[in-house]
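*Asks:* Sharing a structure with you now.
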Amino acid sequence: MFRSLHMKLVLIMLLLITSLMTVVGTFMMTNITGFYIDEFYNQVDSVFGSSNPANAAFVNSLREEAAQTDGVHTIREMIEAKAGDLGLNSNTRNFYILDGRTGLFLDGSDDRKGFESLQTTPNLLTARGSIAAGESLVGAESDITANYMDVAIPISGGENAYIIYIYDNRSTVNDLNSQLFMIIVQALLVGLLISVLLSFLLSKTMIIPIERLTERAEQVAAGDFGSTITVESSDEIGILTTTFNDMAAVLEDTLEEVASERNKLDTLFLHMTDGVISFASDGAILTCNPAASQMLGREVSFYEYDALFGQEVPLQKVMSLQRPNFASRELTVGERILELYLAPVSDGEDGGVMAVMHDVTAQRKNEEMRKEFVANVSHELRTPLTNVRSYAETIRDMEDIPRDTENGFLDIIISETDRMTRIVQDLLTLSRLDSGRAEIKMVRFSLYEAIESVCRAVELEAQRRGHVLIRLYGETLPMIVGDRNRLEQVMMNVVGNSIKYTPDGGRIEVDAGIRGKNVWIDVSDNGIGIPQKDRERIFDRFYRVDKARSRESGGTGLGLSIAREIVLRHHGSIALTSHEGPGTTVRIVLPIRQKEEGVL
C-alpha cells in the first residue's frame with residue numbers, strides 16, 4: 001500500500017504539515033516562555049535595579065527600615081506599594097520577607113504555609129550565601145526549563161539582614177502555553193485535513209499521467225506500438241509523455257529494422273552452405289544450422305562439443321585463444337572432406353566457441369582432377385612425341401633404308417603428328433568453351449536434316465565395320481534454335497563412339513522425338529557397354545574405359561567432354577540412360593527455343 005506514489009505523496013504532505021506545525025508551535029511556546037521570564041526580571045529590575053536613581057533611593061529606604069526593630073512590617077508595606085510595578089498577584093506571584101541568616105519566613109503576601117510549600121531554589125541559596133559572606137549579591141538566575149520564576153534580593157541594615165524573595169509559579173505562562181498548544185493542535189488537524197485533500201488532488205494530477213505512462217509502457221513491453229498517449233499539459237509530465245511517444249515510435253522502427261535484419265541473418269544462417277555451430281562455455285550447443293548436420297551426417301543438436309570436436313581441439317584450448325586467433329583442422333566424414341575452423345566468441349572465459357565448417361570435397365576432387373588432367377595431357381603428348389622422335393632418329397641413323405620402310409616410318413610420324421594436332425585442337429576447344437570465348441551461333445535449323453546429315457556421314461564407316469545403322473526418327477521433328485555445326489559435332493562424336501567401340505557386326509540405333517518444350521536424341525548400340533563404376537566419369541576429360549583400345553582407335557579422351565560442354569552451352573543435357581541388354585544408350589536433350597538467337 002505504502003509503495004504507491006499516491007500514498008507516498010500523501011504521507012509526505014502529512015509529515016510536512018506535522019513537522020511545520022511542530023516547529024512553529026515549539027518556537028512560539030519557547031519564545032512566549034522566554035518573554036514572560038524576561039518580563040519578570042525586567043519588572044524586578046525596574047524596582048530594585050541600580051541603574052535608576054529612584055530605585056537606589058527605594059533600596060536605601062528598605063535598608064534603613066531593615067535597621068529598625070520593627071522594620072519588617074514597614075518593608076512589607078513598601079513592597080506592597082510597588083505591587084503594580086512588580087506584577088504581584090496572590091494567585092501567581094507573591095513576595096516573602098525572610099531572615100537573611102536563617103531563611104525563616106517573617107512576613108509576605110502569602111502565609112507561612114505557602115512559603116514552606118516552596119522548594120529551596122538556587123537564587124535563594126545565592127542570596128543567603130552572600131549575606132553570610134557579608135555581601136549583597138542578588139540571586140536572579142533564570143531557568144527556562146523550571147516551572148517557576150524567582151529572585152532573591154538581600155537587604156541589610158544595622159545588625160539585621162533580610163531577603164526579599166519574589167516567587168512566580170508561572171501558571172499564567174503555563175495557561176497561555178496550554179491555550180496556544182490547543183490552538184496549534186486545532187490548526188494542525190485542520191492543516192492535516194487540508195493537506196490530505198490537497199495531496200490527493202496533487203497526487204491525482206501527477207499520478208494519472210504516470211499511470212497512463214505505466215500502462216502504455218506495459219503495452220510497449222508486450223509489443224503493442226499502435227497507440228500513443230494524449231499530451232494534456234506542457235509541463236515536465238507533458239514533456240515526459242511526448243518523449244515517451246517519440247521513444248515508442250523510434251523503438252518500433254528500430255525493432256522492425258532489427259527483426260528485418262534478424263530474418264535476413266536467420267535466412268542466411270539456415271540456407272548457407274557452410275556449417276555453423278555455436279557452443280556455450282560448458283560445451284552445450286546454442287545454435288546450429290542444417291548445413292552443419294548435413295556435413296557431419298548426424299543431428300548435431302543432440303551432442304556437445306566434446307562429442308563433436310573434442311578429439312580434434314579441446315574446448316578449453318580454443319577458449320584460451322585471443323581473438324583474432326583460431327584453430328583449424330581438416331576432417332573426413334564419410335566421403336566428405338571438411339575444413340574446420342574453431343574460434344572463441346570473446347576474450348572472456350565464459351564467451352563460448354564458434355565452429356565453422358567448409359565442405360572442400362569438390363575442391364579436393366577438382367585438385368585431383370586437375371593433377372590427373374595435367375598428367376593425362378603430359379602422357380598423351382609424350383607418347384606421340386616419343387614415337388615421332390624414335391622413327392625420325394631411325395630414318396636419320398639408317399643409311400640404306402628401303403624406300404617402302406622409310407615411307408612407312410614417315411606415315412607413322414605424320415599420323416602421330418596429326419594425333420598431337422587433334423589433342424591440341426580439342427584442348428583449345430575445351431579452353432574456349434570453359435572461358436566462354438567459343439562462339440555459339442544460334443540459328444533456326446531442321447533437327448531432322450541435322451541428324452540425317454550425321455547418319456549419312458558415318459554410314460560408310462558403319463558398313464565397313466559390318467554394323468547395321470537404324471534410323472528410328474521421322475521427318476516430323478521440329479525446327480530448333482542452336483549452333484548446327486556444334487550440335488552436329490556432338491552427334492557425330494556420340495554416333496562415332498558407338499561405331500568405334502561396338503564389335504563388328506553390331507547394331508546402331510538413332511532415335512529422336514519431342515517432350516514438352518524439349519527435343520531428345522538417343523544413340524544406342526549393342527556393344528560391350530560401360531561398367532557401372534565408369535558411368536559417372538565417362539564425360540570427364542581424358543577418361544577412357546578401355547585406354548588401350550581408345551588409343552588404337554585414335555581417340556583423345558576429350559570427345560565426350562567437348563560434347564557435354566557444347567550441350568550445356570545450349571542449356572541442355574547429355575547422359576547415359578538405362579539400356580536393356582548389352583550395349584549403351586546416350587541421350588541428348590535440347591530446348592526447342594533458346595533464350596535468344598545470335599552469337600553466345
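The values are calculated or read from the model by the stated rules, or taken from the named source; none is laboratory data. Treat the numbers as computed from the prediction; the structure is a model and nothing was measured. All Cβ positions, glycine included, derive from the backbone under ideal geometry; neighbour counts span all protein chains shown. To get the accessible areas, we keep the full protein, side chains included, count just its heavy atoms, and leave off ligands, DNA and RNA. Shrake-Rupley method; radii C 1.70, N 1.55, O 1.52, S 1.80 Å.
*Asks:* Can you confirm whether segment 99-106 contains a residue that is assigned to a helix (DSSP H, G or I) and exposed (fewer than 13 other Cβ atoms within 10 Å of the Cβ)? Outline the logic, then answer.
*Replies:* Of segment 99-106, the ones assigned to a helix (DSSP H, G or I) are none.
Taking every residue of segment 99-106 in turn, none turns out to be assigned to a helix (DSSP H, G or I) and exposed (fewer than 13 other Cβ atoms within 10 Å of the Cβ).
*Asks:* What is the one condition in (1) within 31 Å of the chain's Cα centre (by Cα); (2) among the aromatic types (Phe, Trp, Tyr); (3) assigned to a helix (DSSP H, G or I) that Phe181 does not satisfy?
*Replies:* (1)
*Asks:* Here's something else I'd like to know. On the given criteria, is Val490 over 15 Å from Arg593 (Cα atoms), open to solvent by less than 10 Å² (accessible area, probe 1.4 Å) and either charged (D, E, K, R) or modelled with pLDDT of 90 or more (or both)? Don't jump to the end; show me each part of the working.
*Replies:* Numbers: over 15 Å from Arg593 (Cα atoms): yes; open to solvent by less than 10 Å² (accessible area, probe 1.4 Å): yes; either charged (D, E, K, R) or modelled with pLDDT of 90 or more (or both): no.
Spelling it out, it is not the case that Val490 is over 15 Å from Arg593 (Cα atoms), open to solvent by less than 10 Å² (accessible area, probe 1.4 Å) and either charged (D, E, K, R) or modelled with pLDDT of 90 or more (or both).
*Asks:* Count, please, the residues in segment 107-120 that happen to be over 16 Å from Tyr148 (Cβ atoms) and assigned to a strand (DSSP E or B). So that I can check it myself, show each step before the final result.
*Replies:* Of all residues in segment 107-120, those over 16 Å from Tyr148 (Cβ atoms) come to 107, 111-113.
Next cut, assigned to a strand (DSSP E or B) only: 107.
Summing the residues that are over 16 Å from Tyr148 (Cβ atoms) and assigned to a strand (DSSP E or B) in segment 107-120 gives 1.
*Asks:* Further question on the same structure: Considering only residues that are open to solvent by 20 Å² or more (accessible area, probe 1.4 Å) and among the hydrophobic types (A, V, I, L, M, F, W, C), look in segment 497-528 and name the one that is farthest from Gly482 (Cα to Cα).
*Replies:* Per the criteria, the residue is Ile528.
*Asks:* Still on this model: If Asp426 satisfies every condition in (1) at pLDDT 75 or above; (2) farther than 15 Å from Leu487 by Cα; (3) acidic (Asp, Glu) but one, which is the exception?
*Replies:* Among (1) at pLDDT 75 or above; (2) farther than 15 Å from Leu487 by Cα; (3) acidic (Asp, Glu), Asp426 violates only (1).
*Asks:* Same structure, new question: Taking interchain pairs and intrachain pairs at least six residues apart, which have beta carbon atoms under 8 angstrom, with the first residue in segment 295-316 and free of Cβ contacts under 8 Å to residues at least 40 places away in the same chain and within 19 Å of Asp359 (Cβ to Cβ) and the second open to solvent by 60 Å² or more (accessible area, probe 1.4 Å) and assigned to a helix (DSSP H, G or I)?
*Replies:* From residues that are free of Cβ contacts under 8 Å to residues at least 40 places away in the same chain and within 19 Å of Asp359 (Cβ to Cβ), there are no pairs.
*Asks:* Quick check: is even one residue across segment 313-325 out of contact with any Gly (no Cβ under 7 Å at 6 or more places or on another chain) and among the hydroxyl-bearing types (Ser, Thr, Tyr)?
*Replies:* yes
*Asks:* Among Thr74, Thr69, Thr145, Thr120, which is the only one that is touching a helix residue (DSSP H, G or I) at 6+ places or on another chain (Cβ under 6 Å) and of a type in the set (S, T, N, Q)?
*Replies:* Testing whether each residue is touching a helix residue (DSSP H, G or I) at 6+ places or on another chain (Cβ under 6 Å) and of a type in the set (S, T, N, Q) leaves just Thr74.
*Asks:* Then there is this: If you go through segment 314-336, how many residues are modelled with pLDDT of 85 or more and among the aliphatic types (A, V, I, L, M)?
*Replies:* Selection size over segment 314-336: 1.
*Asks:* Given the conditions (1) under 24 Å from Ser328 (Cβ atoms); (2) charged (D, E, K, R); (3) within 21 Å of the chain's Cα centre (by Cα), and given that Glu256 satisfies all but one, which numbered condition is not satisfied?
*Replies:* Checking Glu256 against (1) under 24 Å from Ser328 (Cβ atoms); (2) charged (D, E, K, R); (3) within 21 Å of the chain's Cα centre (by Cα), the one that fails is (1).
*Asks:* Of everything in segment 263-281, what is of a type in the set (D, E, K, R) and closer than 22 Å to Ala343 by Cβ? Give them in sequence order. Quick ask: steps written out before the conclusion?
*Replies:* Pass one, segment 263-281, residues of a type in the set (D, E, K, R): 264, 266, 274.
Hits for segment 263-281 are Asp266, Asp274.
*Asks:* Among helices (runs of 4 or more DSSP H) lying entirely in segment 504-595, which contain 2 or more residues that are of a type in the set (S, T, N, Q) and modelled with pLDDT of 75 or more? Steps first, answer last, please.
*Replies:* Working: elements: 532-535, 547-552, 559-569.
Because the criterion is at least 2 residues that are of a type in the set (S, T, N, Q) and modelled with pLDDT of 75 or more, no helices (runs of 4 or more DSSP H) in segment 504-595 meet it.
*Asks:* While we're on this one: Condition (residue is more than 18 Å from Val151 (Cβ to Cβ), open to solvent by 60 Å² or more (accessible area, probe 1.4 Å) and not in a loop (DSSP other than H, G, I, E, B)) applied to segment 32-51: is it met by at least one residue? Can you show your working first?
*Replies:* Initial filter on segment 32-51 (more than 18 Å from Val151 (Cβ to Cβ)): 32.
Restricting the remaining residues to those that are open to solvent by 60 Å² or more (accessible area, probe 1.4 Å) gives none.
No, there is no match, as no residue in segment 32-51 is more than 18 Å from Val151 (Cβ to Cβ), open to solvent by 60 Å² or more (accessible area, probe 1.4 Å) and not in a loop (DSSP other than H, G, I, E, B).
*Asks:* Please determine, by comparing only the residues of segment 62-98 that are in contact (Cβ under 8 Å) with a residue 60 or more places away in the chain and open to solvent by 80 Å² or more (accessible area, probe 1.4 Å), which one is nearest to the chain's Cα centre (by Cα).
*Replies:* Asn91
*Asks:* Additional query: Kindly indicate whether Leu62 is touching a strand residue (DSSP E or B) at 6+ places or on another chain (Cβ under 9 Å), assigned to a helix (DSSP H, G or I) and over 24 Å from Arg170 (Cβ atoms).
*Replies:* Details: touching a strand residue (DSSP E or B) at 6+ places or on another chain (Cβ under 9 Å): yes; assigned to a helix (DSSP H, G or I): yes; over 24 Å from Arg170 (Cβ atoms): yes.
Criteria met by Leu62.
*Asks:* Next up: Quickly run through segment 474-487 and pick out the residues that are part of a loop (DSSP other than H, G, I, E, B) and modelled with pLDDT of 90 or more.
*Replies:* So the first thing to find is which residues in segment 474-487 are part of a loop (DSSP other than H, G, I, E, B), and the list is 474-478, 483.
Hits for segment 474-487 are Leu477, Pro478.
*Asks:* I would also like to ask the following. State which residue is surrounded by the most Cβ atoms within 10 Å (Cβ to Cβ) when the search covers only segment 470-487 and only residues that are within 14 Å of Ala512 (Cβ to Cβ) and hydrophobic (A, V, I, L, M, F, W, C).
*Replies:* Out of the qualifying residues, it is Leu487.
*Asks:* Is there a residue in segment 217-239 that is open to solvent by less than 40 Å² (accessible area, probe 1.4 Å) and touching a His at 6+ places or on another chain (Cβ under 6 Å)?
*Replies:* No, segment 217-239 contains no residue that is open to solvent by less than 40 Å² (accessible area, probe 1.4 Å) and touching a His at 6+ places or on another chain (Cβ under 6 Å).
*Asks:* Continuing with the same structure: Exactly one condition in (1) part of a loop (DSSP other than H, G, I, E, B); (2) modelled with pLDDT of 80 or more is not met by Asp143; state its number.
*Replies:* Only one criterion is unmet by Asp143, namely (2).
*Asks:* Is it true that Ile207 is modelled with pLDDT of 80 or more and of a type in the set (A, V, I, L, M, F, W, C)? Give the derivation first.
*Replies:* Working: modelled with pLDDT of 80 or more: no; of a type in the set (A, V, I, L, M, F, W, C): yes.
Spelling it out, it is not the case that Ile207 is modelled with pLDDT of 80 or more and of a type in the set (A, V, I, L, M, F, W, C).
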